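The values are calculated or read from the model by the stated rules, or taken from the named source; none is laboratory data. Predicted model, so just to flag it, every value in this text is computed and none were measured. Please note: Cβ atoms are built from the backbone with ideal geometry, for glycine as well, and neighbour counts cover all protein chains shown. Heavy atoms of the whole protein, side chains included, go into the accessibility calculation; ligands, DNA and RNA do not. Shrake-Rupley method; radii C 1.70, N 1.55, O 1.52, S 1.80 Å.
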Amino acid sequence: MAGIGNTGPHPQRQPHPQRWRPAGLAALAGLSALALALGGCSGAKVGEAGAGSSGGGAGAGKCGSFNLAVNPWVGYEANAAVIAYVAKKDLGCEVTKKDLKEEVAWQGFGTGEVDAIVENWGHADLKKKYVEQQKTAVAAGETGNKGVIGWYVPPWLAQKYPDITKWQNLNKYADQLKTSESGDKGQLLDGDPSFVTNDGALVKNLNLDFKVVYSGSEAALIQAFRQAEAKKTPVIGYFYEPQWLFSELKLVKVELPEYKAGCDDDPEKVACDYPVYALDKIVSKKFADADGPAYRLVKNFNWSNEDQNLVAKYIAQDKMSPEDAAAKWVGANRAKVDAWLGKKG
């Protein structure tokens, strides 16, 4: 994600709009055994013995095992929860969910340790590497979600200082946005360093007197925005949609220079807004070629931002387990699920 995001966003610079902080690149470099994965939902890790049976597509009419990557934001978790629930309950699959950073998950395609990524934010660089060059991954269609990444401020701040929502005016407010982490510059708060972000280049190329500071997670971003609104303290930060928090807190997006095709081709020269992402699904080639029930479920899975936000809210705000959240949504949306399964109404 915004990855998310990026939904989504790492160790060497990649030759594309999605940039990663050095820490993420270092992680990639050390992944020879793909053992850098974070702990999985079920305790599984990429590189873990016995976790590599990509059987989700094996055998017509028989689901087998299904290894599902879970990237670190709740919107993704909502997608994974519903797909896993349907795979288990309707198809009888044995589902193993694995908590993995985005770029780590892609490496699992080659070993059979990851069968599916169910919310991908662009990542043209990873598609080139794993789809075109290594041929270990294939696209499995869009999720139906439209992804937006940008800079946001809490409602009270936009109401009191309306011009803060235009990037040309941000330097006026840099002093108010200083923190101990940003030193003598204003703080631009980002999320997980593994998320897709152009923010470092944007700050530099727009000549903004700001420093990007990483909160470390989506949860930390949400907490920062909530506190800023409650205490009327200034904050500006990276955020994204789909995102359940907007139903609680109407964050206001800062207007960056208009995105135009190609304006983000050079990672070092980006000086434009983020594009709107048509979020999609990526699966291992082996999984797709087997064409089993779990693959067909992933391929057919499609829902709206509103659907995802509702399940994400169940998980993040209502504190439901992912399985219970998925069960509640599936129970109320049986016709959509049946369409994914190819059942006629």
- Task: Roll a 1.4 angstrom probe over the protein heavy atoms and tell me the percent of accessible area of segment 291-345 that is carbon or sulfur.
- Result: 50 percent
- Loop-located GluC sites (Glu not before Pro) in segment 259-333, at most 15 other Cβ atoms within 10 Å (DSSP): GLU268
- Karplus couplings for segment 248-254 from phi (6.51 cos²θ - 1.76 cosθ + 1.60, θ = phi - 60°), rounded to Hz, Gly and Pro as x? 9, 9, 7, 4, 10, 7, 7
- Message: Taking θ = phi - 60°, what integer Hz values does the Karplus form 6.51 cos²θ - 1.76 cosθ + 1.60 yield along segment 205-219, in sequence order, with x for Gly and Pro?
- Response: 6, 9, 6, 8, 8, 10, 10, 6, 10, 8, 6, x, 6, 4, 4
- Query: Can you give the FRET efficiency for ASP184 and GLU323, using 1/(1 + (r/R0)^6), R0 = 41 Å, r = Cβ-Cβ distance, to the nearest 0.05?
  - Reply: 0.30
- Item | Efficiency of FRET between LYS172 and GLN227 - r from beta-carbon atoms, R0 25 angstrom, step 0.05 | 0.60
- Task: Could you point to the residue in VAL196, PHE225, TRP167 farthest towards the positive end of segment 151-249's charge dipole, with +1 and -1 charges on the Cβ of Lys/Arg and Asp/Glu respectively?
- Result: TRP167
- Out of residues 5 or more away from TYR214 or on other chains, whose amide H comes under 5 Å of its own, with H placed 1.01 Å from N in the peptide plane? ASP190
- Query: Amide H of LEU68: which non-local residues (sequence gap of 5 or more, or other chain) have their own amide H closer than 5 Å, using H built in the peptide plane?
  - Reply: THR96, LYS97, LYS98, ASP115
- Sum up the charges of everything whose Cβ sits under 13 Å from the Cβ of LYS299, counting Lys and Arg as +1 and Asp and Glu as -1, but leave LYS299 out. -3
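Compute the Cα gyration tensor for segment 152-295, then decide on rounded, prolate or oblate, letting a ≥ b ≥ c be the square roots of its eigenvalues: rounded whenever a/c is under 1.5, prolate when a/b is larger than b/c in the other cases, and oblate in all that remain.
Details: a/c = 2.17, a/b = 1.60, b/c = 1.35.
It is prolate, given that a/c is not under 1.5 and a/b is the larger ratio.
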- Message: Quick check: net charge around ASN71, other residues with Cβ under 14 Å of its Cβ, Lys/Arg +1 and Asp/Glu -1?
- Response: -4
